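The values are calculated or read from the model by the stated rules, or taken from the named source; none is laboratory data. Computed from a prediction, not measured in an experiment: that's the story for all the values here. Cβ atoms come from the backbone with ideal geometry, glycine included; neighbour counts cover every protein chain shown.
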Amino acid sequence: MSSSERSVAGTRAPRRFGHAEVFASLALLSFLAARFLPLLSLPFTCPLRGMTGIPCATCGMTHAFVHLAHGRIADAVLASPLGALLAGAAWLLAAADLARLAAGASLPAVPARLVRAATAAGVVALLVNWAYLVVREIQS
Amino acid sequence: MIARCARCQGTFTTDHFGLQRCPHCGSELLLSDPNAPPPQAPARGAPGAAPRPPAPPPPAAEPPPAGAERPPVASGPVWGQPPPPPEGGGRGPELPPPAPPPGAGAPPPGGYGPPPGWGGPPGGGWGPPPRPPEPELSAPFAERKQRGLFSSYVETWKLVATQPAVFFRRVRIDQAGSAVLFAVISYTIGAAMQGLYSLLSGQRALNLILEYAEQMPEEQARLLRTYAEGLTGWAPVGQIVFAPLLALVSVYVGAGIVHLLLSLFRGANRPFDATVTTVAYAFGLMILLAVPGCGGLIAVVWYVVALIIGLGESQRCGTGKSAAAVLAPSVLVCFCCCGSAGLGLGGLLRALMGAKHGAGGHVEL
């Protein structure tokens with residue numbers, strides 16, 4: 001009996017691998033890459049920083065992910081505060097989603113107002129983080 | 001065989017024709033035998049004429065629950081030509097599509113195009129009458145098992161590229177898996193071809209760029225050398241191998257950012273499935289990376305245009321909010337990349353000028 005036939009018999013199985021699980025998998029993948037791959041050895045330079053000496057808004061995030069994956073929290077925050085926050089949040093999300101799947105619970109509903117507030121806070125945090133990186137670059 | 005209830009749109013299996021009871025909603029429905037001869041109206045009061053139970057009127061269809069992929073039982077209008085029925089008739093007969101809503105003119109035609117005739121506008125009132133909701137359709141690529149992989153891919157690509165407004169307004173959003181697969185296939189093909197070009201022409205391009213880099217300031221020359229070395233060696237191979245993963249990451253991260261920004265602009269009128277479906281189908285335009293030379297530029301510009309139009313339709317928020325949500329991160333990226341590219345272009349021009357002066361009025365390439 002194929003899956004489509006099974007689903008029509010009135011026993012439609014809940015979707016086990018939805019968007020939340022894809023995001024959790026990507027977060028888990030980012031942890032594995034930051035922990036085990038030599039990302040900081042790649043010969044990559046930020047184009048804006050290479051040309052002008054000014055870091056871009058996402059500069060230092062790779063360093064933050066790698067440092068945090070190795071447990072060096074202070075180094076991660078120094079490299080990019082927003083990157084350290086993002087890495088921690090992403091990996092916590094992956095762990096929480098795994099726990100939710102294990103418990104068989106459904107995804108909690110997030111109010112639209114909360115999503116808007118979080119997005120606005122994220123935009124502000126990105127700009128503040130960029131200002132911090134630029135000031136630090138100028139001072140050094 | 002599989003049948004679909006006209007009331008709740010739920011499907012169920014049955015082994016006989018005639019009167020059925022839907023296991024989902026409990027309503028009775030009549031499943032007619034397509035091979036049976038056309039019914040002849042018996043004479044009134046003729047002996048032996050069994051009273052036939054009246055078929056319940058098919059009520060209006062209800063939308064399926066978000067996030068659930070319905071089995072591909074085709075009913076109602078389809079994009080272009082409907083898929084051919086599977087050989088052997090394994091699926092069995094299906095119920096007729098639900099009746100059009102009261103007041104509707106002709107039933108909705110198959111395929112995209114102008115909306116069906118819904119009768120004349122009501123008299124009085126301010127402005128034009130509100131547009132009636134159009135039925136959602138599966139994308140041709142979501143019906144690839146019936147239509148064939150290649151033909152369904154080509155048909156979907158043509159719809160996304162040439163009629164994004166019509167396509168994204170009517171495409172079903174509960175089949176995001178097919179949309180993501182469409183994006184992964186497209187980007188993988190495009191990136192593989194691009195990587196192949198880099199492998200074939202990398203050494204010559206590297207020599208040319210290194211020649212220019214000698215005329216540039218040291219800082220910019222070092223950066224240019226770093227990028228030029230990426231044209232050869234293992235970088236194109238990595239680009240080809242990791243293309244499917246990169247496509248998946250790009251679609252989901254891009255859809256997440258755009259959906260958050262749409263929420264911020266109060267334009268996320270439908271769930272995340274609509275955004276990820278739109279981003280993924282529009283990402284299919286990245287197959288244009290396979291075009292040598294300007295393919296990358298064409299792909300990115302076309303993708304952004306299709307995404308803005310498509311998000312405005314799929315999220316029912318208009319192109320203004322969708323453009324703001326799509327272009328806000330693009331402006332940031334453009335500020336970083338295009339600004340530095342502009343600076344690099346300036347250095348390149350200076351290098352060209354230097355080469356011109358050094359070569360006695362002729363640019364040596």
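Specify which of the listed residues (B:201, B:263) is more than 13 Å from chain A (Cβ to nearest Cβ) and modelled with pLDDT of 75 or more.
Unique residue meeting the criteria: B:201.
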- Inspect all residues belonging to the range B:171-192 and state whether any of them is surrounded by 22 or more Cβ atoms within 10 Å (Cβ to Cβ), in a helix (DSSP H, G or I) and either of a type in the set (Lys, Arg) or at pLDDT below 90 (or both). no
- Message: Looking at the range A:34-62 only, could you name the residues that are within 13 Å of another protein chain (Cβ to nearest Cβ) and in contact with a His (Cβ under 7 Å, 6 or more places away or on another chain)?
- Response: none
- Item | Which numbered condition residue A:90 misses (of (1) under 23 Å from residue A:140 (Cβ atoms); (2) out of contact with any Asp or Glu (no Cβ under 8 Å at 6 or more places or on another chain); (3) within 14 Å of chain B (Cβ to nearest Cβ)) | (1)
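Here are A:12, A:6, A:35, A:49: which of them is part of a loop (DSSP other than H, G, I, E, B) and either within 30 Å of residue B:223 (Cβ to Cβ) or at pLDDT below 95 (or both)? Give the steps one after another, and end with the answer.
Details: A:6 fails: part of a loop (DSSP other than H, G, I, E, B); A:35 fails: part of a loop (DSSP other than H, G, I, E, B); A:49 fails: part of a loop (DSSP other than H, G, I, E, B).
The conditions single out A:12.
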- Task: Check B:253, B:241, B:279 and return the single one that is surrounded by fewer than 18 Cβ atoms within 10 Å (Cβ to Cβ) and either more than 11 Å from chain A (Cβ to nearest Cβ) or of a type in the set (D, E, K, R) (or both).
- Result: B:241
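Go through the range A:78-98 and report how many residues are crowded, with 17+ Cβ neighbours inside 10 Å and aliphatic (A, V, I, L, M). Can you show your working first?
Here is the first cut: in the range A:78-98, the ones crowded, with 17+ Cβ neighbours inside 10 Å are A:79-87, A:90-91, A:94, A:97.
Okay, now just the ones that are also aliphatic (A, V, I, L, M), so A:79, A:82, A:84-87, A:90, A:94.
Qualifying residue count for the region: 8.
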- For the subset of the range B:268-293 comprising residues that are touching a residue at least 60 places away in the same chain (Cβ under 8 Å) and among the hydroxyl-bearing types (Ser, Thr, Tyr), which member is nearest to residue B:309 (Cα to Cα)? B:278
- Residue count for the range B:140-161, restricted to those that are surrounded by fewer than 22 Cβ atoms within 10 Å (Cβ to Cβ) and among the polar types (S, T, N, Q): 2
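When the residues of the range A:15-28 are filtered to those that are more than 8 Å from every other protein chain (Cβ to nearest Cβ) and assigned to a helix (DSSP H, G or I), which remaining residue is surrounded by the most Cβ atoms within 10 Å (Cβ to Cβ)?
Ranking the qualifying residues of the range A:15-28, first place goes to A:24.
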- Message: For a quick check of your reading of the model, give me the residue pairs whose first member lies in the range B:215-227 and is within 10 Å of chain A (Cβ to nearest Cβ), whose second is surrounded by fewer than 17 Cβ atoms within 10 Å (Cβ to Cβ) and among the polar types (S, T, N, Q), with beta-carbon atoms closer than 8 Å and at least 6 apart or on different chains.
- Response: B:223/A:45; B:226/A:45
- Item | Among the residues listed as A:101, A:114, A:133, the single one being surrounded by 14 or more Cβ atoms within 10 Å (Cβ to Cβ), within 21 Å of the chain's Cα centre (by Cα) and modelled with pLDDT of 90 or more | A:133
